[in-house]
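First comes the structure, then the notes that go with it.
The values are calculated or read from the model by the stated rules, or taken from the named source; none is laboratory data. What you see is a predicted model, and the numbers here were worked out from it, not measured in a lab. Methodologically, a virtual Cβ is constructed for each residue, glycine included, from the backbone with ideal geometry; neighbour enumeration extends over all protein chains shown.
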Amino acid sequence: MTQGTADKFTLMTGEDLTQAARRTFFAFKDFWAPKFPDGAKIEHVGASAIPGCLTRGNVDVCVIVKPEMFDDVREKLAGTYDVDIDVEAGDDFAAFVDPACRPPLQVQLVVRDSGMDIFVPFRDAMVQDPAIVTAYNVLKKEMVGKPMLEYRSAQDAFITYVLENGAAPKR
């Protein structure tokens, strides 16, 4: 098992990074789509999937499955990637990392319509409302150099607010 995040929060920028993120996502999708059961959905989520959003330089992929597919897909992913020990897994969520991939790859496996099926709705809210992206970028800039746990806590609160209210938090 590998720790999936750095000790301190950092940001990266650049069009090369955006293109590399797209290539990494499509390589993942092309490789895994035929190996997953019918009905599994593979989505590019996270900052690298959102125009104008600042990123840590990694690629987040979300694999969304029916409950009966979860264990099978988790086993397949665990046979290829490291378990991300920085996040708590459960019956409806598991996370994996490939730190050797460039840019680094993070995979979120979620059960469709579960409490953890938040990644695509959050991405879609950001794509639809540039004010949310702007507020998220402000949050990220404020977190540079701070411990990852502090960033994760602020990020979780931000995501929860956006999903519950359909807008960025007032600052």
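Filter the stretch 82-95 down to the residues that are buried (at least 19 other Cβ atoms within 10 Å of the Cβ) and not aliphatic (A, V, I, L, M), then identify the one that is nearest to Met148 (Cα to Cα). I'd like the intermediate steps shown before the answer.
Taking the stretch 82-95 as the starting set, the residues that turn out to be buried (at least 19 other Cβ atoms within 10 Å of the Cβ) are 84, 93-95.
Then keep just the ones that are not aliphatic (A, V, I, L, M); that gives 84, 93.
Numbers: Asp84: 14, Phe93: 20 Å.
Restricting to residues being buried (at least 19 other Cβ atoms within 10 Å of the Cβ) and not aliphatic (A, V, I, L, M), the top hit is Asp84.
Counting only residues that are modelled with pLDDT under 95, closer than 16 Å to Cys53 by Cβ and not in a helix (DSSP H, G or I), the stretch 124-166 holds 1 of them. For Ser114, the test of being touching an Asp or Glu at 6+ places or on another chain (Cβ under 6 Å), among the hydroxyl-bearing types (Ser, Thr, Tyr) and farther than 27 Å from Arg22 by Cβ is passed. Just one of (1) of a type in the set (D, E, K, R); (2) buried (at least 16 other Cβ atoms within 10 Å of the Cβ); (3) closer than 14 Å to Gly46 by Cα trips up Asp98, so point out which. So Asp98 meets the others, but not (3). The selection criterion, being over 15 Å from the mean Cα position of the chain (by Cα), closer than 17 Å to Val61 by Cα and polar (S, T, N, Q), holds for Thr80. For Lys170, state whether it is without any contact (Cβ under 8 Å) to a residue 60 or more places away in the chain and either among the basic types (Lys, Arg) or in contact with a helix residue (DSSP H, G or I) (Cβ under 6 Å, 6 or more places away or on another chain) (or both). Yes; evaluated as a whole, the condition is true for this residue. Annotation note: of Leu149, Leu105, Leu163, the sole residue that is in contact with a helix residue (DSSP H, G or I) (Cβ under 9 Å, 6 or more places away or on another chain) and under 20 Å from Arg56 (Cα atoms) is Leu105. Pairs linking a residue in the stretch 58-74 that is among the basic types (Lys, Arg) to a residue that is modelled with pLDDT of 95 or more, with Cβ atoms under 7 Å and 6 or more positions apart or on different chains, are Lys66/Gly39; Lys66/Arg112; Arg74/Ala94; Arg74/Leu109. Beta carbons closer than 6 Å, at least 6 apart along the sequence or on distinct chains, pair a first residue in the stretch 96-107 that is farther than 20 Å from Arg74 by Cβ with a second that is of a type in the set (A, V, I, L, M) and surrounded by fewer than 21 Cβ atoms within 10 Å (Cβ to Cβ) for Pro103/Ala20. If you go through the stretch 102-128 and keep only what is more than 13 Å from the chain's Cα centre (by Cα) and more than 15 Å from Ala47 (Cβ to Cβ), you end up with Arg102, Val111, Arg112, Asp113, Ser114, Gly115, Gln128. Just so you know, in the stretch 145-167 the residues that are farther than 24 Å from Asp113 by Cα and in contact (Cβ under 8 Å) with a residue 40 or more places away in the chain include one that is surrounded by the fewest Cβ atoms within 10 Å (Cβ to Cβ), and it is Gly145.
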